[in-house]
Structures are given as structure tokens and as C-alpha cells.
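Written below as C-alpha cells is the structure these notes are about.
Taken together, the values in this text are just the output of simple stated rules run on the coordinates, not laboratory data. These numbers were taken from a predicted model, which means no experiment stands behind them. Heads up, the Cβs are rebuilt from the backbone with ideal geometry, glycines too, and the neighbour counts pull from every protein chain shown.
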Amino acid sequence: CLCCDTWSTVQCDFQSEDTQQQIIRETFHLVSKRDENVCNFLEGGLLIGGSDNKLIYRHYATLYFVFCVDSSESELGILDLIQVFVETLDKCFENVCELDLIFHVDKVHNILAEMVMGGMVLETNMNEIVTQIDAQNKLEKSEQIVYTGLFCISQDFSQAGLAGAPARAVSAVKNMNLPEIPRNINIGDISIKVPNLPSFK
Amino acid sequence: MPAVSKGDGMRGLAVFISDIRNCKSKEAEIKRINKELANIRSKFKGDKALDGYSKKKYVCKLLFIFLLGHDIDFGHMEAVNLLSSNRYTEKQIGYLFISVLVNSNSELIRLINNAIKNDLASRNPTFMGLALHCIANVGSREMAEAFAGEIPKILVAGDTMDSVKQSAALCLLRLYRTSPDLVPMGDWTSRVVHLLNDQHLGVVTAATSLITTLAQKNPEEFKTSVSLAVSRLSRIVTSASTDLQDYTYYFVPAPWLSVKLLRLLQCYPPPEDPAVRGRLTECLETILNKAQEPPKSKKVQHSNAKNAVLFEAISLIIHHDSEPNLLVRACNQLGQFLQHRETNLRYLALESMCTLASSEFSHEAVKTHIETVTNALKTERDVSVRQRAVDLLYAMCDRSNAQQIVAEMLSYLETADYSIREEIVLKVAILAEKYAVDYTWYVDTILNLIRIAGDYVSEEVWYRVIQIVINRDDVQGYAAKTVFEALQAPACHENLVKVGGYILGEFGNLIAGDPRSSPLIQFNLLHSKFHLCSVPTRALLLSTYIKFVNLFPEVKTTIQDVLRSDSQLKNADVELQQRAVEYLRLSTVASTDILATVLEEMPPFPERESSILAKLKKKKGPSTVTDLEEAKRERSADINGGPEPAPASASATSTPSPSADLLGLGAAPPAPVGPPPSSGGLLVDVFSDSPSAVAPLAPGSEDNFARFVCKNNGVLFENQLLQIGLKSEFRQNLGRMFIFYGNKTSTQFLSFTPTLICSDDLRANLSLQTKPVDPTVDGGAQVQQVVNIECVSDFTEAPVLNIQFRTLHPALVDRTVPSDRQWSPARPWRYGGTFQNVSVKLPITLNKFFQPTEMASQDFFQRWKQLSNPQQEVQNIFKAKHPMDTEITKAKIIGFGSALLEEVDPNPANFVGAGIIHTKTTQIGCLLRLEPNLQAQMYRLTLRTSKETVSQRLCELLSEQF
């Protein structure tokens, strides 16, 4: 299974950067013009490696999560995986919105990396994923305290990284490098609607 | 507490991202990015050593810039440095950068590998996890070389943490996929299999993925995984969902693991152990039952996960293809989904049904859904789904519904999405040919295709229709009439002009008697299209004209005038000009006889696999044309080819163009009868270790053998080196067979040794005598061998003909054979060339010693009654493999050797035959009766002879023919 989503190219075997960008553009083009109520699978074009590969996507408000998978994965299983991914994002970012994904690309990567590894499904249990992410955050936190200590000594730095400006200062959302989309649409803080979030206890 | 608090992170990064987002234009964005890149570059190059935090911040910025689609050509070194940090945050961002940005053949890989090695050895599970992720994401050969030996140890070590085990399993899988040769099998394999019993379901899931891929290549090594997988699956499927802690997803117990386990089981045939098999069947039944239960939740996630498991279970049932009961249930379940309101389910149901259609147990059941599927073609809004519907119609097509399906596809073609038109055209063309009982229907269908979607009709399609028309004289008149009528449309597609031009050039005389299509009218009609056509079509039409000169002397002068005109003789196109000059000259100087010889009707084309099928396979990948279909096609091939079919071979070579050169001038002489060089090397055993070992029977040998039961002459075997032809005659209990060995290469065959091999049993009943042939066969030469045959007593087996020889030229051998195997220094005898070893079954069958006996109805029934002992009669009821054509059946019964008795059976549809088998020791009277049932597409064949073994053998032989 090979997988990417419109926000981050996780894994594209042997593709140059240009091809990766082209894949993302064309994929967006293909997916965004599809109606609601059609199926969530798209036959692979040559670009994504021929007829053995499929695009499997889910659409949440203004976001598309697209995975490109080969025949070794179950189609419905991948749809569920996307749901788990989004639910996990929602849990980790507390009502996740698009801006979180843009400003914290690295964190999104980390979360995805807990689920998909080298293009293969690693973990599907949300609690397990969240536990891992929590542990990482704790590590990070503990290391930041070390930073503060350092900063105090050097006096060189502001409190960067500790309190950080609220990310939501920006109201315009821009799609990454997708000229087909009108630029600077003001959509405010539309958060991703995660349908029917259950309580995970 | 939320796992990631919003305020965390790097302020500089957030500011940069905000800046980018505020850019009003692409130019402004690029400017901002370049500024930032310059800033980072100077920071990296600056004298002041950067602390970890800054490095992290800058690397994050680079990452973001990269994700915006800009090239990053620096920063790699800094990222690599981060790897050796002891801080998790820094290490993690370093690995992230490398996973995303470093391509697998980077020069830095050695440094990266070093850092990874340290982390793997650190025994810190977090660091190990990061390192394993990095290996999996990069997955290069260098990494495989460095770590493929190490990772299995981590995977099976007792003290490895679960999360690391999970990562190690997938990491190994990734390395196996990119460099399977570097992953050593060993002791660890059996311990990996036992991970299927692991407590942690995440570990089991990852291990299952790994085992599935490994088992595909090394089934023996992982055989024990079957029973473990079945019991694991059974525990999941039958357990109350609470047992599975967090792995229950919306009330469905461990759906991903179930799917993976079902996938793993698809690597193997049904379990042999009855207990395991029973348990698996029970699981599959439970899954099917659950589909009928009311949902435990209304949420789409619930049904989604449940159906993911269900579809996988159905795939397994189809894969096993052994439990008719389960297959029918699967088919019914899919039938329900075909009408489901969820588009995804309709899509998947159509997809799964495609594979179900090729199972003999469920083919009929799938056919019952034809209305729903054709309806889907018309009403589905989603092209993905319509595409699946077309595929399914193609898969479920057989003789009984071909006309309906082809009609549906044709009407869909008028509105079909452009992206799939060509594929539909190919499919229609294949189905129309494959299931044509009536060739006028075939011709009509192809002409319709050209009318509806002329632009999508590829050369292969219209070449094929011409080949078929040329090979079947019963359809030639109709074809000429039909193309003539079609050409009268004011605007017709150029492809139609091509087909029309070719067919009228060959068979225009068949309709010339009708004053409405007199030679002159035909010519004028074609010539009216001439100026609208492209150069290749014009070239073809010029050839048609010269053929007309031969067919219709009365239009000769008209045509000469056309050829003589400046627009032809001085045409700027060299090909057209040359044709015009040559044809004009030919028509002036040649006598009628010479013209008639030169311009004779095209000889029949050799039968071969339709190049259309090859094209479809190429387009869709071989997996879509299933083996079963292949097999079906092989069997049906000779029906449509008529009573003298040449061996069909799975060839992918495309048909030589019959197009431009109707005359065959300058082209190769008419191809020899027989298949083209087939995928070849496969048939030749170049691997054989000892020159005296007999090669296993060449693939297709059985089929070819069956084709010779009812005839005595033809091509028995052919590959790219060698062709074997047969001619034989039989009288009473004696026969003589001429075997022709043709060297198709331009170099000599050496040590050419054909050997006839009979089992002891067979030797007692059949005596064969032959002389050795010259051990050298020159390039392009043919040698002949005579076999004298005597049937001593009735026999069942057939002798095997084994041929061994050496070729001089290694280049002739299929290039797919690794060269080291051909030139192994350990086998010096091979130095002179490549050793070839071929075995085929020689078609000497009991029925060859038949003498037909004519008898009246009364006699027949009297003898029939005399042979009424149960052991004298053998009966077989079987499905028709070929179209049920009365004339062909008659020809086959006569070819089989018995007399065909007319007006004996009260039912005129039945066939009866009688004859005597002559052996040296005795003569055996045989009566046979063949009852076709057109409706059910079945036959009942009854043989009565005075000897049980004879009845048995004749029945076997004849049953294969229909």
C-alpha cells in the first residue's frame, strides 16, 4: 500500500519531487470534482502506478483525505482507517481544524506515522495511537523544560516555543499550491466535522 | 488533556506559515520563501553553532516549504546531524525530514545508516521505533543490505516491546518488498508464524501483513500459519466483542485483523485437515450470517467495518472455489449489495462478482443478476461503478447471453465516458467473436462498433473482422453486402472505408450480380470517399482498385484513368505515387492469367489468438483476464475456427497487418499454417539438468492432442525454434505416421534426437517402429520421420514424443532465461549451444483403428439391445464446450472414425454412429449415440461396445470434442 493525503506526501515510491507535486495536483483535481453520493474509490491512472492502484478518499467539510493503495489492502478497511486518522487528529488537537493541520504539519506526520509505516498499516487502535502520541508529547515537554533552563542562562531568546502565539491569528485559509482553487477564501474557523464521534473510554 | 496543545511549537515557524498564507500572489509567496531559504542557508553556514532547537525550527520550515512544492537542495546534512542528538524532539524531526526528503539513493545514506544502527542498538523503544520507521520509509537497497539481517532478530527477540515488534514486522515487510533477495529466511520464520498467537492484536496485525507477503513467495515455509490463522480468526469472529478490548471498532471485533487473516488464507488452498477446514467454514458461515443480522449501530462506520470483513470472506470463498454452498451464499449476498443504496457497496459487489463469474459453481448464479447489472450501466451516476458493471457483464458473458450483453454494451457505448470507450470497444469485439454462432451477427456488431465509436476502434479490431471474413466463406457475401450498404451513409468513419475497401476488393464480385451494386457503382462509391481519407487508407483503396481490375474487367479503363490522373501519379506521397505507378503498369502489361494469379483472393489467415485479446490484456494487465477465461477461450477456439483448427497458443504477438498490402507484394509470403511463435521459451525446457532427462509435457500439449482425435494432419507443436507437423493414415489395425520436424531458425540443430516413449503397458498393446533421423537439421530445413504403427490390443495411454537437440545460437533462446543458467561452466557439454528438450503427446488414439459400418435403423437397434450389459455401456453427460453446431458435430463424428447413421434415431436432433475397432487380436463392434440438449447446452454421449475398456476410452476421447 502506498499512501498519501492532500496535505502531506507520506510515501511515494521512487517519485521525484515534481512527480509528487503533479500527483497531488491531479489527485485533487480528480477527487474534488466528484459528486457526493458517488463511491469513494477511484480507479488508478497511470500517474499513480497503473490499474493495480486505487485512490480511496473521504471528504470532511473542506478537506479531502486521500489514500492511494494497491490491491493488498481492503477498500473498506482503508475507509475506516481514514476515519480513525481523522478521529485521532480530533482527539490530539481537540476539535481539529484545517489550521492545525497546516501549522503542525510535523505533528500530523507523527500521528500518521503511528498508523502507517513505509506505506503499510501499522496500528488501527485509536487508544493505542493516542497513547503513543501522548508519550511523545511528554518527552517533548520534558525536553522543553531543559530549553527554558538554557534560555534563562543565555537570555538570548524570547520565550519562543513555550507560549507561542495563538495559531488562529490568521483567518485566511489557503490551499497549498493548488491554483485551481480561488485564493484567500475566508472560511474562518470551520472545523472538520467528524461525524458521530463516539466516546472512547 | 489534549494530546497536542495548540500553543506548543515554534513561534518562528508559525509566523513564517502565517506570512506565506497572507501572500496575495504566487510571486509574493515565492519571494517570501526565497527570503526564508536565504535566511536558513546563512544560519546553517554561519559561524555560530546552532542549538538543537534552532535546527529543529529551520528543518521544520524547510519541510513546510517542501510540502508547498518547492525544491529543497540543502539542509540534509543538518537533518542528519539531528539524528545523533539525544533529545527525542530533535531526533524525531531529523528522521521526519529524512523520511520525507531524502531519496533512497542519496549520498548521505551511509551517515544515516550509522545513526540508525546506533538507535537500533540503543534499546530505547522510542528511538528504535523512529529508526525502524525511517528504514521503512526510505526502504532503499543500501538500507536493506545494512539491516535486513538485524531486523528479524529484533522482531523475534523475547524482550522486544510490542510497539517495536509491530514496527519491526512492517519494516521487514517493506525491505522484503523492495529487495526480497536480501532478506534471509531462517530460524526466525517459524517464530514469526507464532506471532499470530501474540497477545497484542497490533502485533498480530503487523505480523499477518508480513506473513501474507512472505507466504506468497515461500508457501511451504509458512504453511503452519494456516491453522494458526484459522483459529485466531475463529476466536475473533465468534467471541463476544468485549474480549478484544480496544480493537473493537464500532461494535465490530478487530475488523482490520480479520481482513488481514482472511487475506493470508487466500495464499493457500483450502486447509487439508478436516478439523481446520470445518472451523474455517464455520467462521465464514458466521460472517455471512452476521451480514443478515440487524446492525448493532446505525453509524456508517459500523456497517463499513462489518462489510470490509464480509467482502474479504467472500474473496476467500471465491478463492477456494470448493464449497458450492458457500459460493451460492456469497453470490446471493453480493446480489443484495448490487441494489444497496451505498454506492461503495454496489461498486465492491460488482467487483467481487467479476471473480465469482469465473467459478463454474457460481457462473450461473451470477448470470441471474444480468438485469441489475445492465441497469447499473444505464443509471449509475459514477463512472467508477459503471466501469465495474462493464467488467462484470464481460465476465458473465457466455453463449446464452452474448447477444443481449453485446447489445447492452453497444447501446451504452453511445453515451459512455470517453475514458473507457476504447476498452468497451475491445470487449464488444472479443465477445462478438468468441460467442458468434452466426457470423452475420458478428459482422453486424463490428460494423455497428465502427459506426458508434469509430475513433475508438483500433487497428486490431478491424484487422480481425477482415481475417474472420476471409477465413469463413459462408459470411463473405453477407459482409460484402453489408459494408456496401454501410458505405452509402453520407458520412462514414474512415475505419469503415478501410474495412469496406478491403472486403469489396476481395469479395465485391459476390454482390456484383445485383444491378444496385454493380462493379461500377461499387467503385464509384469507394472512390467518392477517397479524397476524404488519410494516406494509409488511400493506399489501401488503391490496392482495392487493382483488385477490381482483376475481378471486374469492365471497370478496368475507368480505374486506369483514375490511376493515371495527376493527383495519383504525381502524388506528393511516395507510397501513393509508387502504388499508382505500379498498379497502372501491372494492369497494362499483365495478361488476364497473370493478373488473376497475382491478384488472387487472399489465402486464409492462420488461426491464432485474437490480437484484440492481447491488446485488452495489455491495457488492463493480465490479471483481469482470468485463467479460467483463458481456459474457456482455449477450448472454444477451434469451434469458431471450423473443423481444421490449428493449435491455439497463448501468444501475445500481434497479428501481422493485412492492411495496406492486399497483394502481399513485398510482404512475407502467406504465413505458414500454425500459431505464431508463442510465448515460447516456456515450452522449451532449457533448465533440464541432464541431457537424457525427458522434459515434462509442453503446456498445451493436452489440448493439441485432443484436436487430433478427429483428424490426422496438422501442426502438433510449435515454438520459436521448432515446428512439428503430422500426417498419418490408418487402415484396419495398422497405421503410418509421418512426423515433420521443421527448424525455424537460421542455424543448425545438433544432436537432434526424437524418441518415442511408451509405458510397458502401452508397449504390449501398441507396437511402434521407426528409424532414427539425421542428427543435424539445417536452418530452415525440415526432416521427416516415419512411424509404423500396429494396434495389438485396445489401449488407453498415448505415446510421448520427446525431442532433444542443441541450438548453435544462444540468442535464439528466450531472453527471460537468466544467462548464467545457459552458460553454466559446470556443464561443459553445453558450450556448443543451448540444450533443448521438448515432450509432446503423440496423438495415436484407439479410435484411429475404427472402420465405419453402415447399417439400417433396425439393425442398429437390434445390436444396441444386444450390448445391454451394464459394463458394455458407458455414458457421459457433459456441458458443451463449443457452440452446438450440427454440421461441425457431424464432421467430428465422421472424423472420429465411425459411420454417421442418418435416419436411425427417432429424434432427428440426435446423432448415432457405428463402427468396428480393429486390433491384431480381435475386432470390437462399437455403437454410439450423442444427444444434444440445446437449451441446457449439454450433451449425453452413450457408447456401447463389446469390451468395457473400449467403451470407456472411446467415450473419454469423444467427450472432449464437443
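Around B:Phe705, what is the net charge, scoring Lys/Arg as +1 and Asp/Glu as -1 over all other residues with Cβ under 11 Å from its Cβ?
Charge balance near B:Phe705 sits at -1.
Would you mind computing, in nm to one decimal, how far apart the modelled labels at B:Gln404 and B:Asn218 are, each placed 7 Å from Cα along Cα→Cβ?
Modelled inter-label distance: 5.1 nm.
At a 10 angstrom cut-off on C-beta neighbours, averaged per residue, how do the peptides B:334-347, B:367-380, B:442-455 rank from highest to lowest?
Packing proxy ranking, top to bottom: B:442-455, B:334-347, B:367-380.
Taking one equal scatterer on every alpha-carbon of segment B:316-416, how large is log10 of I(q)/I(0) by Debye at q = 0.11 1/Å?
The computed values of log10 I(q)/I(0) come out as -0.29.
From the square roots a ≥ b ≥ c of the eigenvalues of the alpha-carbon gyration tensor of segment B:146-283, which class results: rounded (a/c under 1.5), prolate (a/b over b/c), or oblate?
Oblate, because a/c is 1.5 or more while a/b does not exceed b/c.
Sticking with the crude label model, points 7 Å out along Cα→Cβ, report the distance from B:Arg341 to A:Asp134 in nm, one decimal please.
Rounded to a tenth, the inter-label distance reads 3.9 nm.
Which GluC sites (Glu not before Pro) does segment B:833-936 hold that lie in a coil by DSSP with at most 13 other beta carbons within 10 Å?
Passing both the DSSP loop test and the Cβ count: B:Glu854, B:Glu902, B:Glu903.
Pairs A:Lys54/B:Lys615; B:Lys841/B:Lys865; B:Lys529/B:Lys570: which are spaced more than 30 Å apart, C-alpha to C-alpha?
The answer is B:Lys841/B:Lys865.
Please give the length that would be gained between B:Leu934 and B:Arg763 if that part of the chain were fully extended, namely 0.36 nm times their separation in residues minus their C-alpha to C-alpha distance (nm, one decimal).
Result for the pair: 57.4 nm of gain on full extension.
Please give the length that would be gained between B:Lys48 and B:Thr368 if that part of the chain were fully extended, namely 0.36 nm times their separation in residues minus their C-alpha to C-alpha distance (nm, one decimal).
Separation in residues times 0.36 nm, less the Cα-Cα distance, equals 107.4 nm.
Kindly provide the helix-only [θ] at 222 nm of chain B, computed as the sum of -39,500 (n - 2.57) over DSSP H runs of four or more divided by all residues, to the nearest 500 deg cm²/dmol?
-16000 deg cm²/dmol
So which GluC sites (Glu not before Pro) in segment B:50-114 end up in coil per DSSP with only 12 or fewer other C-beta atoms within 10 Å?
B:Glu107
How high is the relative contact order of chain B, in percent, with contacts defined as C-alpha pairs under 8 Å that are six or more residues apart?
5
Once you sort the root eigenvalues of the Cα gyration tensor of chain B as a ≥ b ≥ c, which label holds: rounded (a/c under 1.5), prolate (a/b larger than b/c) or oblate (the other case)?
prolate
Kindly write out, for segment B:745-754 in residue order, the coupling ³J(HN,Hα) from the Karplus curve 6.51 cos²θ - 1.76 cosθ + 1.60 (θ = phi - 60°), rounded to whole Hz, with x marking Gly and Pro.
Computed from phi, the couplings for segment B:745-754 are 9, 9, 10, 5, 9, 10, 6, 6, 10, x Hz.
So how far apart, in nm, are the two label points at B:Asp593 and B:Lys290 if each is 7 Å from Cα heading toward Cβ?
In this crude label model, B:Asp593 to B:Lys290 measures out at 8.5 nm.
Could you tell me which of the pairs B:Lys771/B:Lys920; B:Lys35/B:Lys57; B:Lys223/B:Lys290; A:Lys107/B:Lys91 are separated by over 18 angstrom between their Cα atoms in the structure shown?
Among B:Lys771/B:Lys920; B:Lys35/B:Lys57; B:Lys223/B:Lys290; A:Lys107/B:Lys91, the Cα-Cα distance tops 18 Å for B:Lys771/B:Lys920; B:Lys223/B:Lys290.
Setting aside same-chain residues fewer than 8 positions from B:Lys26, which aspartates and glutamates have a Cα under 15 Å from its Cα?
A:Glu180
Pick out, in residue order, every one of the trypsin sites (Lys or Arg not before Pro) in segment B:111-203 that is DSSP loop and has at most 12 other C-beta atoms within 10 Å; say none if there are none.
B:Arg123
Could you state the angle between the C-alpha long axis of helix B:494-507 and the longest principal axis of the C-alpha atoms of chain B, as a value from 0 to 90 degrees rounded to the nearest 10?
Between the helix axis and the principal axis of chain B, the angle is about 20 degrees.
Taking the Cα centre as origin and putting +1 on Lys and Arg beta-carbons and -1 on Asp and Glu beta-carbons, what dipole magnitude results for chain B, to the nearest 20 debye?
3120
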